[in-house]
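Note sheet for the following structure.
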Amino acid sequence: MRDNLWKDRDFLRNLMKLALPIAAQSLMLSAVGVADTLMLGALEQNAMAAVSLATKLQFVQNMLMSSFVAALVALGAQYWGKKDVSSMSRLFGIAMRLNGASAILFFICCEFFPRKIMLLMTNDPVLIEIAAGYLQVAAWSYLLTGISQSYLALLKISDHASETAAISSAAVVINIGLNAVLIFGLLGAPRMGVRGAAVATLAARIAETVWAVFLSFRAGHIRPDLKDVFRRDRLLSRDYYRCMLPMLGAGMLWSIGFTSYSAFMGHIDQDAPAANSVASSVIELVCCLCNGLASGGGILVGNELGAGRLERGKLYGQRLVRMSFLVGVLTCLAMIGITPLLLSIVHLNDAAYGYLRAMLAVMSVYTIGRVVNTITINGVFTAGGDTLFDLYSLAVVMWGLALPLAALGTFVFHWPVWLIYACTCLDEVGKIPWVMAHCRKYKWVRDLTRDRADAPAQPT
């Protein structure tokens, strides 16, 4: 008998309780990118293009951080299913050590060598100079992001997802508000241009970190023992790295590949990066619901698997995969629907405007693959520690197909921009059959937890 997920109100209620706040958080974070794009585009097209290229380095750092935090969420959700808070604190300590090391590395690169870094992204001296000024300020925010995201991860997996949304929303309001004030010199503030955007980002990260840490001291919340940052748990570390390393490899393959796509655009002309920056912001905006379903659904599946209810965890995963196709089609339609509005409000020259129109048409199809793969791979597979598949699929589809085609189109055959952009979108659409075949093997249906005698039953 076919399972009817729409009649299971408890599942839907619990899913929405997790997914909607996380989707709202993702929406607010994407709104920052859109606001940056629109404000900097109103200031100057080169400013928008330069910051778009500069933030691709931050994008690589975020992928590192996301891998560290994703392993914390995947294992932490399972331990929360059995209410083992001690293990969650120790997992937090492992993630914080890794986040701290990566933050320091990226800070040094951006603060002291910004122009050399930007040479990897573009050969345009105007864009390099603008981007370098942005990076030297934004580098300070990189030191805080890993701390705030580790604390937010604990809130998310311990039934406080709505608070993570509130924190992120407040940070976004601060970021966008200060963007307007500092970029354009409103309310008597100095007109700082792209440096103003970087200062606004730093202020938002400070507020986010302070609030997240403060909440950990409230009753009913997990307050991690900071001694765990310096304490090594051999068994938990082994479990953490077994889960995290494939995600790190996949994240680096994806982020470097995605950054390479932007670099290809940067080597075409000044107009292609400008159009690509708008397209990149839009895709993150329209995929917010799938991000929420992936993260929230993965937590639900992980809770069941960690509590030993493997069949229910398997059922929940199957339901999420079915939902992913519906959400993918709806996201595609949303992309088509907002395209005329977006084209009417973006300030670009004629060449960049033409590039953007073509990119948005390609993206409407790409979103289906993006949604299905995000929910299935980042949500369902990761919940059970099945993290190697993403690494394999990216190595084959992105690095073996999409990236070489886009590189050949850019540097050898000099294809039109829309065709190069279409090549960069092949990976998500092309791997759907492979993802579905792997899903049916049910390697993700696993309890990853260990029994620990020293685990307190509830958060303090």
* Asked: Hey, GLU129 hits all of (1) in contact with a Pro (Cβ under 9 Å, 6 or more places away or on another chain); (2) within 22 Å of ALA49 (Cβ to Cβ); (3) acidic (Asp, Glu) but one; which does it fall short on?
  -> (1)
* **Pairs, first under 25 Å from MET247 (Cβ atoms) in the stretch 394-412, second part of a helix (DSSP H, G or I) and of a type in the set (Phe, Trp, Tyr), C-beta under 6 Å, six or more apart** => LEU394/TRP254; ALA406/PHE264
* **Candidate set: the stretch 89-123, residues that are of a type in the set (D, E, K, R) and touching an Asp or Glu at 6+ places or on another chain (Cβ under 9 Å); chosen: the one least open to solvent (accessible area, probe 1.4 Å)** => ARG90
* Asked: Which members of the stretch 333-355 meet the condition of being closer than 18 Å to LEU285 by Cβ, out of contact with any Gly (no Cβ under 8 Å at 6 or more places or on another chain) and modelled with pLDDT under 90?
  -> ALA334, MET335, ILE336, GLY337, ILE338, THR339, PRO340, LEU341, LEU342, LEU343, SER344, ILE345
* To do: Could you please tell me which pairs satisfy a Cβ distance under 8 Å, a separation of 6+ or placement on different chains, a first residue in the stretch 176-187 that is assigned to a helix (DSSP H, G or I), and a second residue that is among the acidic types (Asp, Glu)?
  => ASN179/ASP36
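Quick check: anything in the stretch 76-84 closer than 17 Å to MET247 by Cα and either open to solvent by less than 30 Å² (accessible area, probe 1.4 Å) or among the hydrophobic types (A, V, I, L, M, F, W, C) (or both)? Spell out the reasoning first.
We begin by selecting, within the stretch 76-84, every residue closer than 17 Å to MET247 by Cα; these are 76-77.
Retained after the next criterion (residues that are either open to solvent by less than 30 Å² (accessible area, probe 1.4 Å) or among the hydrophobic types (A, V, I, L, M, F, W, C) (or both)): 76-77.
For the stretch 76-84, residues closer than 17 Å to MET247 by Cα and either open to solvent by less than 30 Å² (accessible area, probe 1.4 Å) or among the hydrophobic types (A, V, I, L, M, F, W, C) (or both): present.
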* Asked: If you go through the stretch 393-409 one residue at a time, do you hit one that is farther than 20 Å from ALA437 by Cβ, open to solvent by less than 50 Å² (accessible area, probe 1.4 Å), within 23 Å of the chain's Cα centre (by Cα) and not aliphatic (A, V, I, L, M)?
  -> no
* Tally, over the stretch 284-335, of residues that are farther than 24 Å from LEU27 by Cα, touching a residue at least 12 places away in the same chain (Cβ under 8 Å), surrounded by fewer than 23 Cβ atoms within 10 Å (Cβ to Cβ) and among the acidic types (Asp, Glu) -> 0
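For the condition of a type outside the set (Lys, Arg), over 30 Å from LEU72 (Cα atoms) and either touching a Ser or Thr at 6+ places or on another chain (Cβ under 9 Å) or modelled with pLDDT under 85 (or both), what is the one hit in ILE183, ILE167, ILE206, ILE222? Don't jump to the end; show me each part of the working.
On the way: ILE167 fails: over 30 Å from LEU72 (Cα atoms); ILE206 fails: over 30 Å from LEU72 (Cα atoms); ILE222 fails: over 30 Å from LEU72 (Cα atoms).
On inspection, the qualifying residue turns out to be ILE183.
Residue by residue, here is whether (1) open to solvent by 10 Å² or more (accessible area, probe 1.4 Å); (2) free of Cβ contacts under 8 Å to residues at least 24 places away in the same chain holds:
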{"position": "LEU356", "(1), (2)": "no, no"}
{"position": "MET359", "(1), (2)": "no, no"}
{"position": "ASP386", "(1), (2)": "yes, no"}
{"position": "ASP390", "(1), (2)": "yes, no"}
{"position": "TRP415", "(1), (2)": "yes, yes"}
{"position": "ILE420", "(1), (2)": "no, no"}
{"position": "ILE432", "(1), (2)": "yes, no"}
{"position": "ARG450", "(1), (2)": "yes, no"}
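Would you say ARG195 is outside any loop (DSSP other than H, G, I, E, B) and charged (D, E, K, R)?
Values: outside any loop (DSSP other than H, G, I, E, B): yes; charged (D, E, K, R): yes.
Against the criterion (outside any loop (DSSP other than H, G, I, E, B) and charged (D, E, K, R)), ARG195 qualifies.
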* If you go through the stretch 382-405 one residue at a time, do you hit one that is closer than 27 Å to LEU40 by Cα, part of a helix (DSSP H, G or I) and not aliphatic (A, V, I, L, M)? -> no
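The values are calculated or read from the model by the stated rules, or taken from the named source; none is laboratory data. Values in this document were obtained by computation on a predicted structure and should not be read as measured data. When we count neighbours, we look across all protein chains shown, and the Cβ atoms used for this are built from the backbone with ideal geometry, even at glycine. With ligands, DNA and RNA removed, areas are computed over all heavy atoms of the protein, side chains included. Shrake-Rupley method; radii C 1.70, N 1.55, O 1.52, S 1.80 Å.
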